[in-house]
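Okay, so here's the structure we're looking at.
Here, each number is a calculation from the coordinates, and none is a lab measurement. What you see is a predicted model; the values in this text were computed from it and never measured. With ideal geometry, Cβ positions are generated from the backbone for all residues, glycine too; neighbour counts draw on all protein chains shown.
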Amino acid sequence: MSSLQSIDKNQAYGTFKDSLRAPIHRWFTYPAGYSYKLVEAKIEAHGIGPDDVVGDPFVGTGTTSLAAKLRGVSSVGVEAHPFVHWVAQTKLHFERGADGLGEDANSVLRDAEQIQARQRCLNEWPDLVYKCFSQENLFRLGALRAAIEQTTSAHKELLKVALTATLRDSTSAGAGWPYIAPSKFAQRKVDRNAFLDFTKRCALIESDIVQAMSIKPISSSHSLVLGDARRFSHFSGKGALKMVLTSPPYLNNYDYADRTRLETYFWGMFNSWGEITKHVRDKLIVAATTQVRRSEMEETVQLPGVGSASQSVQNELTEIVERLSRLRREKSGNKSYDLMVAGYFEDMLQVIVEVYESLEPNGAFILVLGDSAPYGVHVATDELVARIALDIGFKDYVIEVIRTRGDKWAGNPQRHQVPLRESIVTLTK
Ligand SMILES: C[S@@+](CC[C@H](N)C(=O)[O-])C[C@H]1O[C@@H](n2cnc3c(N)ncnc32)[C@H](O)[C@@H]1O
């Protein structure tokens, strides 16, 4: 059984921009896919209570887990990107900052001012970091980093989150989300002072914690795993969840590993594209051509996993993949959209099977998805995912179209006539 609904749900579900303004959610700007309001609306609609557990296999910076916690609902989240996972952990355990964060922030600031006055030296950073800040500001940021690293404060992780957010606040480059563009030097920002921006960030974090603590939600338990969504039920337990709500990477060539380059370089977590590939890019489901290694994906192109679940979807996708393969040879860009699409559905198949296992009978699997049109070839991601899920064993699905969207494919002269859209797919076990 299936149905497609086209409704403007922005009122009830909000947009990801709400989370940029909401306490705690706003500590780190990340392309989250949806608003905390969607999580609240779905918790309500599916009658989720304090004895239930919700899950998110692509938990990112933790919108699902945090919104659940603030409602007294327990959760399991999985994220494969170590830096993003750390951000989610720190946000989710906000109560650890309930006492004395302001004093510790002041003391770190004083230490940083002394460090800066004493040595004015810079760390060994990759070029990108130097390109994003004036030298003076980089002295301040380096001194703040050193002061936080040496502090014994119980709030060290929160202070690190504050300094992480300060990077984009106090950059001199065009570093708005999602792209860092050091070549775009924004004059109005040139004279930012990282000490002041850090102080503001700490004050915001402190007041968000006070506000969240005043809500006093029913106590709940939360597990955030640094792991792979393709092994989700291993982390959640089988038949344990009443609802899984997630936004997987969209099939739109968006490289999540690249998005946090500035932050991971600044903290010395990674020092090169190669290190990011090894520790992040290669661990994510395929959704960008930068993840495709043609020599290693000869089998993927046959879509064996999808074929074992759904013959009709395999046939449809094979046609799409073959068209993209022909276009790749004709076009100058030589983009591996064919393998990106095949890899995406092979990976998503595993996630759908795992989520099925993790759910209670009648449990709901809710995905926020975007479709796409690489080289102008339309791929109806929502419908294809839903059909695979039915063949795996889900009883029915509903697709709610939340918005139609323009995106980077729109400039393509071969663009198909179907407007691209974002939808919420709800599958029932
Ligand atoms: C659209 S974002 C989800 C954002 C999330 N809703 C939030 O609140 O920040 C998709 C996330 O999936 C993660 N991801 C990609 N492949 C993964 C995998 N195999 N296992 C776990 N997480 C993965 C990416 O790192 C990214 O953070």
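Taking the Cα centroid of segment 141-171 and of segment 285-299, what is the distance between the two, rounded to the nearest whole Å?
If we compute the Cα centre of each part, the gap is 36 Å.
Excluding same-chain residues fewer than 8 positions from Lys200, which lysines have a Cα within less than 27 Å of its Cα?
Partners within reach: Lys17, Lys37, Lys69, Lys91, Lys131, Lys156, Lys160, Lys184, Lys189, Lys216.
Counting Lys and Arg as +1 and Asp and Glu as -1, each charge on the Cβ, what is the dipole of the chain about the Cα centre in debye, to the nearest 20?
Computed about the Cα centre, the dipole is about 1100 debye.
Take each complete run of DSSP H in the chain, measure how far its Cα atoms stretch along the helix's own axis, and keep only those covering 30 Å or more with mean Kyte-Doolittle hydropathy at least 1.0; list them.
Once both thresholds are applied, nothing remains.
Which cross-chain or sequence-distant (5 or more) residues have an amide H under 5 Å from the amide H of Ser35, H modelled 1.01 Å from N in plane?
Answer set, sorted by chain and number: Phe16.
Given the DSSP H assignment, sum -39500 (n - 2.57) over each helix run of at least 4 residues in the chain and divide by its residue total; what's the result at 222 nm in deg cm²/dmol, nearest 500?
-14000 deg cm²/dmol
Around Gly363, which amide H atoms from residues at least 5 apart in sequence, or from another chain, sit under 5 Å from its own amide H, with H modelled in the peptide plane?
Amide H neighbours of Gly363, under 5 Å, 5+ apart: Lys429.
Taking only Cα atoms and a 10 Å spring cutoff, compute GNM fluctuations for the chain and point out the largest among Lys395, Lys91, Lys160.
Of Lys395, Lys91, Lys160, the Gaussian network model singles out Lys395 as fluctuating most.
What FRET efficiency, computed as 1/(1 + (r/R0)^6) with R0 = 56 Å and r the Cβ-Cβ distance, is obtained for Gln302 and Gln119, rounded to the nearest 0.05? Numbers along the way, then the final one.
Values: r = 58 Å, r/R0 = 1.04.
Once the sixth-power term is evaluated, E becomes 0.45.
Among rounded, prolate and oblate, which fits the chain when a ≥ b ≥ c are the square roots of the eigenvalues of its C-alpha gyration tensor, a/c under 1.5 means rounded, and a/b larger than b/c means prolate? Before the final figure, lay out each step's value.
Working: a/c = 2.10, a/b = 1.38, b/c = 1.53.
Oblate, because a/c is 1.5 or more while a/b does not exceed b/c.
Gain in length, Ile215 to Asn334, computed as 0.36 nm per residue apart minus the alpha-carbon separation, to one decimal in nm?
Numbers: separation 119, 0.36 × 119 = 42.84 nm, distance 5.35 nm.
Stretched fully, the Ile215-Asn334 segment lengthens by 37.5 nm.
Return the FRET efficiency for the residue pair Thr29, Glu149: r is the Cβ-Cβ distance, R0 is 25 Å, and the value is rounded to the nearest 0.05.
0.60
Which residue fluctuates most in the GNM of the chain (Cα springs below 10 Å): Ser35, Ser19, Ser325?
Maximum fluctuation in the GNM of the chain, among the listed residues, is at Ser325.
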